[in-house]
Amino acid sequence: MSDINKEALYDYLLLLGDNSMILGQRLGELCGHGPELETDIALTNISLDLFGQVRNYFQYAAEVVADGRTEDDIAMLRKEHEYKSSLLVEQPNTDFAYVIVRQNFFDHYHYMLLSKLVDSKDEQIVAVAKKSIKEVEYHLDFSSTWVKRLGDGTEESRQRMQDAVNELYRFTRELFKPTETEERMANLGIGADLPSMEEDYYKQLHALLEEATLEVPQGEVFQYGGKEGRHSEYMGYILTDFQFMQRAYPNMKW
Amino acid sequence: MEKNIKDLEAEFQKRIDNGENIEAKDWMPEKYRKTHIRQISQHAHSEVVGMLPEGNWISRAPSLRRKVALLAKVQDEAGHGLYLYSAAETLGISREEMIEQLNNGTAKYSSIFNYPSLTWADMGAIGWLVDGAAIINQVMLTKTSYGPYARAMVRICKEESFHQRQGYEIMLTLCNGTEEQKAMAQDALNRWWWPSLMMFGPRDEESPNTEQSMKWKIKRKSNDELRQQFIDQTVPQADILGLTVPDKDLKWNEDRGHYDFGEIDWEEFWNVVKGNGLCNRKRLKDRNAAWDNGKWVRDAATAYAERQAEKRVSKAS
């Protein structure tokens, strides 16, 4: 592999890992504060799966760069604009409706993405995708079930879900707008061709929202930027927690 | 009638003396039932409240590996809470009632969780000391007379001893690290040592429940015996870490074959039990917030389930 493609592969692994990592971090904040023990356990489980995937991607990324950086250096020692997670996953845990809607919007995408990556030309990506897709199938099932329960539950739950859908829907299209790296990786047969997934994504999502008696927002102005390092104001605070130990106590083993 | 109950009680005690387990459907004295509801629910609440001081460090864990391990540990605690609430439910109380009692302050939970978790080393110290002290109690409870509780304990003990080793390994890593890391570990030991000793409860002469609990095999060893066992096993572990146990009276007593140790600050103990520790109010506030903020979610899930059930019925007819 040429150096340029190696750099793009590294960048691609960050794009894959950062979404799981920031979403996993958001879910980790909820641990012990859920509406019931069962949901607490389930959301922690999803967070655990996502961080497991992050470790797989970043251990591989560390091999690709081969300059002595570890998975933790890659995860925790970048500047804010070097994180490539989408705007969707950094949105806050406003209430349980936001948590579920954010999760479900991401899970639909994540499942489709992994369905493509199992056929990647990169063997290590295939291995991670094959392991992860089983986990994400469960995430999608969990979040979709809750979208239906809460959308078609009580008047209050429907209203809260509609508010969350209205707020978060505008962050969905960024998932399918490829960065330069994503385009290059798709052309090499390593990455997924994102624009080709978009139509199915919205078809599935809209069908679920309809079943849950929720309305699809119309005329939204979509927001982009996270994947290119331009984040919302929430990101700095997420990183303040996430990087705290590595920044306050540099160069130590834990 | 009076005689009848006496006979039943005698027969019940005989079963316990023979080492039989009491099961949910068996006759039991009302006091036995109540004592178990109190103890098992307290234990469940301790697991659930115990998620908070450790949950406090999930977002700041120093490495991905540690973050994953901590998430898994806190998740295990939620699982322990679930089996224990289920074990208590076999005695005729609902999970909702127990949670109400926790949230309104009428039920207790282990006082140790009213101390703050201030540094990463606290994740090590809690695993090593707090889980270590808990295991000593819990191993004894695997032989308790009430079957559902004893079986829950067998499962919980396996996971707790894993947590304890994990906590000790965090301490060991810190103690093999930089000066700053070792100081962090020493500071955590200083703060968690005495509260861990308090986990075994008041001294035997001030523990009115012990005698009846021994008779029912809810307890098999007294508070002071268990506390001594904990100290004897933990001090050599601190020595391996190269840390100093914060007790100037701590000394091996050759004649007794045990460590002698200093006086516990019982005033602090009772203060924290009565709700006046640093974090008592915060822990209850957090539990109440989680429960209150989750009400609309639970209501919606119930409404949805009822509607789905109605749909199934109308389809079938």
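Quick note: the coordinates plus some simple rules give every number you see, no bench work behind them. Everything numeric here is computed off the predicted structure, so don't read it as measured data. Ideal geometry is used to build each Cβ from the backbone, glycine not excepted, and the neighbour counts take in all protein chains shown.
Working note: Debye formula, equal point scatterers on the alpha-carbon atoms of region A:116-209, no solvent; log10 I(q)/I(0) at q = 0.21, 0.23 Å⁻¹ is -1.13, -1.22. Using a/c under 1.5 as the rounded threshold, could you call region B:168-254 rounded, prolate or oblate? The axes a ≥ b ≥ c are square roots of the C-alpha gyration tensor eigenvalues, and prolate needs a/b larger than b/c, oblate otherwise. Cα axes put region B:168-254 in the prolate bin.
Amide H contacts under 5 Å for B:His258: B:Asn253, restricted to partners 5 or more places along the chain or on a different chain, H placed in the peptide plane at 1.01 Å from N. Shown here is the pair-distance distribution of region A:181-254: with all Cα-Cα distances grouped in 5 Å bins from zero up to the longest one, the shares run 3, 10, 10, 13, 13, 15, 16, 9, 5, 4, 1 percent. Under a Gaussian network description of chain B, with springs only between Cα atoms under 10 Å, the residue in B:Tyr32, B:Tyr146, B:Tyr85 that fluctuates furthest is B:Tyr32. Largest mean-square fluctuation among A:Thr44, A:Thr70, A:Thr154, in a Gaussian network model of chain A whose springs join Cα atoms under 10 Å apart, belongs to A:Thr154.
Taking K and R as +1 and D and E as -1, what net charge do the other residues with C-beta under 14 Å from the C-beta of B:Gln308 add up to? Don't jump to the answer; show the numbers that get you there.
On the way: positive: A:Lys148, A:Arg149, B:Arg307, B:Lys311, B:Arg312, B:Lys315; negative: A:Asp152, A:Glu211, B:Glu306, B:Glu310.
Net of charged neighbours comes to +2.
For chain B, adding -39500 (n - 2.57) for each run of n ≥ 4 DSSP H residues and dividing by the number of residues yields -22000 deg cm²/dmol at 222 nm. Classified by the C-alpha gyration tensor, the protein assembly as shown has an oblate form. Its axis ratio a/c, with a ≥ b ≥ c, is 1.5 or above, and a/b does not exceed b/c.
In nm, to one decimal, how far is the modelled label at B:Asn293 from the one at B:Asn209, with both set 7 Å along Cα→Cβ? If labels sit at B:Asn293 and B:Asn209, their model points lie 3.2 nm apart. When shorter helices are ignored and each DSSP H run of at least 4 residues is given -39500 (n - 2.57), the per-residue value for chain A at 222 nm works out to -22000 deg cm²/dmol.
To one decimal place, what orientation-averaged projected area in nm² is obtained for the convex hull of the Cα set of region A:1-122? Intermediate values should be presented prior to the final figure.
Numbers: hull surface 32.6 nm².
Orientation-averaged projected area of the Cα hull: 8.2 nm².
Counting only residues at least eight positions apart within a chain, or on another chain, the lysines with an alpha carbon under 27 Å from that of B:Lys31 are B:Lys3, B:Lys6, B:Lys14, B:Lys108, B:Lys143, B:Lys215, B:Lys217, B:Lys219, B:Lys221, B:Lys274. Mean projection of the Cα convex hull over all viewing directions, computed for region B:242-312: 10.9 nm². Here the convex hull built on the C-alpha positions of region B:176-222 has a volume of 86 cubic angstrom per residue.
Working note: Debye formula, equal point scatterers on the alpha-carbon atoms of region B:1-155, no solvent; log10 I(q)/I(0) at q = 0.08, 0.10, 0.13, 0.14 Å⁻¹ is -0.29, -0.43, -0.67, -0.76.
Could you give the size of the charge dipole of chain A about its Cα centre, using +1 on the Cβ of each K and R and -1 on the Cβ of each D and E, expressed in debye and rounded to the nearest 20?
Details: 26 positive and 45 negative charges, 88 e Å.
Computed charge dipole of chain A: roughly 420 debye.
The H on the amide N of B:Ile22, modeled in the peptide plane, is under 5 Å from the matching H of B:Tyr146, B:Gly147, each at least 5 residues off or on a different chain. When the alpha-carbon atoms of chain B are used, the pair Rg, Dmax equals 21.8, 80 angstrom.
Would you tell me the mean number of C-beta atoms belonging to other protein chains that fall within 10 Å of each C-beta in B:75-87, as a whole number? Provide the component values of the computation, followed by the final result.
Numbers: counts 10, 2, 5, 12, 4, 1, 3, 5, 0, 0, 1, 0, 0.
Rounded to a whole number, the mean comes out at 3.
Largest GNM mean-square fluctuation across A:Gln159, A:Gln91, A:Gln25, computed for chain A with C-alpha springs under 10 Å, falls on A:Gln159.
Enumerate the helices in chain B for which the Kyte-Doolittle hydropathy averages 1.6 or more and the C-alpha atoms extend at least 24 Å along the helix's axis, using complete DSSP H runs.
Details: long enough: B:30-55 (37 Å, -0.96); B:64-89 (38 Å, -0.07); B:147-175 (42 Å, -0.30); B:179-198 (29 Å, -0.89); B:223-241 (27 Å, -0.68); B:295-316 (32 Å, -1.08).
Flagged H segments: there are none.
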